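Structure record follows, encoded as structure tokens.
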Amino acid sequence: MTTELIKIRGLTENAEDFSRAGRLLKAGNVVAIPTETVYGLAANAFDVSAVKKIFEAKGRPQDNPLIVHISDMDDIQKLTSEFPEKAALLAEKFWPGPLTMILKKSDKVPFEVTAGLSTVAIRFPSHTYALAVITAAGVPLAAPSANLSGKPSPTSAQHVMRDLSGKIPMIIDGGKCEVGLESTVIDMTGDIPTLLRPGGITLSMLRDCLGEVQVNPKILEEVDDGEAVASPGMKYKHYSPSAPVVIVNGESRAFKNFVLENAGDKKVAVLCFDEEIPLFDNSPVSVVSYGRLSEPDELAAKLFSALRSLDDLDPDIIYAREPDCGDGLELAVVNRLSRAAGFSKISI
Ligand code: TXA
Ligand code: MG
């Protein structure tokens, strides 16, 4: 299959391309689309054989459920059997935007989408082109991140092309994704809302809106083999370059000394903050930075493409720096980086 990459200039200029994407989706095909978080690989959420194509193209484990994307609040009734008051509050405040809510599913949602669960993940994205494709398709779209399973999520159409070229018919190229990390996932089915995946809508924003919000501890801890998890995605190794990643915490100077002392004859790369680039001047270490420590938005936006650049360097080992985390966007950055490192961390 040849993969068509369509560079979008605007809704009007590319009106026919959006219609074509809609027709492909209606006919049971998959299409990769930009969103404000990361690129998604979309299919008609009500079409079981279309949904199966997503799992095939990504090599995604069958027990990892998909997020359903909507462009109209009326779709909520079709997809859920219950929409709690607190969910309505979140929708009012943060939709459209980078927030996914876990809700009780309706009978219409196929178990292939929810991986057998009685709940469904729903998101109303804000990206104009994502909304245009959903509207053109005329149905809610199931869409995971458009990467090969296990690889960093794609934040540009070129990332999608590298992972899925030849496996899908069309990529809508809307440029770089603004947030750069996947949406916040919050479980709204219990008495107290529970954060399952941190993202662009931060824990502090959720608490400001709802009051009490629990945090699933597995956000910052490794899941043991066979352990039950609230969100199947927590079980899988994610976002990983081919080389092992080790997070090193401590002062910048101590970090530099640690890296140089441990290099030996290994090909070493570091993932650091912009401020730390000069530390490795005149050393054999390859340096990739992912933004200024003082700007968590930058770190979030650049993390995944930095992990992909590190992969291209083909190092033996990657030493990485993480920001301190509280209840802001840093929590999402630390969560993704920790998973890329398989939770391997050293303090010096
Ligand atoms: O920003 C995003 O959310 C992107 C864009 C494309 O919208 N999508 C995305 O999808 O990140 P994906 O499939 O890569 O991640 C979905 C996460 C997985 O960790 C999955 O286990 C979890 O959401 N999930 C989906 N349905 C669930 C459910 N019913 N209960 C608990 N977790 C669920
Ligand atoms: Mg993903």
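Here are some notes:
- Using the average count of surrounding beta-carbon atoms within 10 Å as a protection proxy, the listed peptides 309-322, 240-253 rank, highest first, as 309-322, 240-253.
- Taking every full run of DSSP H in the chain, the ones that stretch at least 18 Å from end to end by Cα along their long axis and average 0.0 or higher on the Kyte-Doolittle scale are 296-313.
- Members of 176/235; 7/345; 53/267; 53/176 lying beyond 32 Å, as alpha-carbon distances in this model show: 7/345; 53/267
- For residue 78, the aspartates and glutamates whose Cα falls under 15 Å of its own Cα, not counting residues fewer than eight places away in the same chain, are 47, 107.
- If R0 is taken as 41 Å, the Cβ-Cβ distance between residue 314 and residue 56 corresponds to a FRET efficiency of 0.90.
- Its residue count N sets the reference 2.2 N^0.38 Å, and the alpha-carbon radius of gyration of region 257-348 equals 1.04 times that reference.
- Overall, the chain carries a charge dipole of about 900 debye about its Cα centre when +1 sits on the Cβ of Lys and Arg and -1 on the Cβ of Asp and Glu, all other atoms neutral.
- Highest mobility in the GNM of the chain, judged by mean-square fluctuation with C-alpha springs under 10 Å and restricted to 169, 140, 198, is found for 169.
- Look at where the Cα atoms of region 203-228 and of region 113-182 average out, and the two centres are 24 Å apart.
- Those residues of region 165-207 whose amide nitrogen sits under 16 Å from the label point placed on residue 236, 7 Å along Cα→Cβ: 182-183, 197
- Contour minus Cα-Cα distance for residue 26 and residue 11 (0.36 nm per residue): 3.4 nm
- Translational diffusion coefficient (Stokes-Einstein; Kirkwood radius from C-alpha pairs) of region 91-226 at 37 °C, 0.692 mPa s, in µm²/s: 197 µm²/s
- Span from the region 243-301 Cα centroid across to the region 29-56 one, whole angstrom: 36 Å
- Size descriptors for the chain: radius of gyration and Dmax over Cα atoms are 20.1, 62 Å.
- Shown here are the Rg and Dmax of the Cα trace of region 172-252, at 15.6, 44 Å.
- Put simply, the Cα atoms of region 165-217 extend 45, 21, 17 Å along their principal axes, the longest span coming first.
- Apportionment of accessible area to carbon and sulfur, the chain, percent (1.4 Å): 48 percent
- Label-point separation in nm, residue 227 to residue 252, each point 7 Å along Cα→Cβ: 3.5 nm
- With a Förster radius of 35 Å applied to the beta-carbon distance between residue 82 and residue 167, the computed FRET efficiency rounds to 0.45.
- Per residue, region 175-240 exposes 47 Å² of solvent-accessible protein surface, assessed with a 1.4 angstrom probe and all protein chains in place.
- For region 43-122, the solvent-accessible area works out to 44 Å² per residue, with a probe of 1.4 Å and every protein chain left in place.
- Debye log10 I(q)/I(0) at q = 0.13, 0.25, 0.26 Å⁻¹ for region 1-91, Cα point scatterers: -0.57, -1.42, -1.45
- Restriction of the trypsin sites (Lys or Arg not before Pro) in region 1-60 to DSSP coil positions whose beta-carbon has at most 12 other beta-carbons within 10 angstrom yields 9.
The values are calculated or read from the model by the stated rules, or taken from the named source; none is laboratory data. As the structure is a computational prediction, the values presented were derived from the model and not from experiment. Counting neighbours? That spans all protein chains shown, and the Cβs are built from the backbone with ideal geometry, glycine included. Heads up: the accessible areas ignore ligands, DNA and RNA and are worked out on the full protein's heavy atoms, side chains in. Shrake-Rupley method; radii C 1.70, N 1.55, O 1.52, S 1.80 Å.
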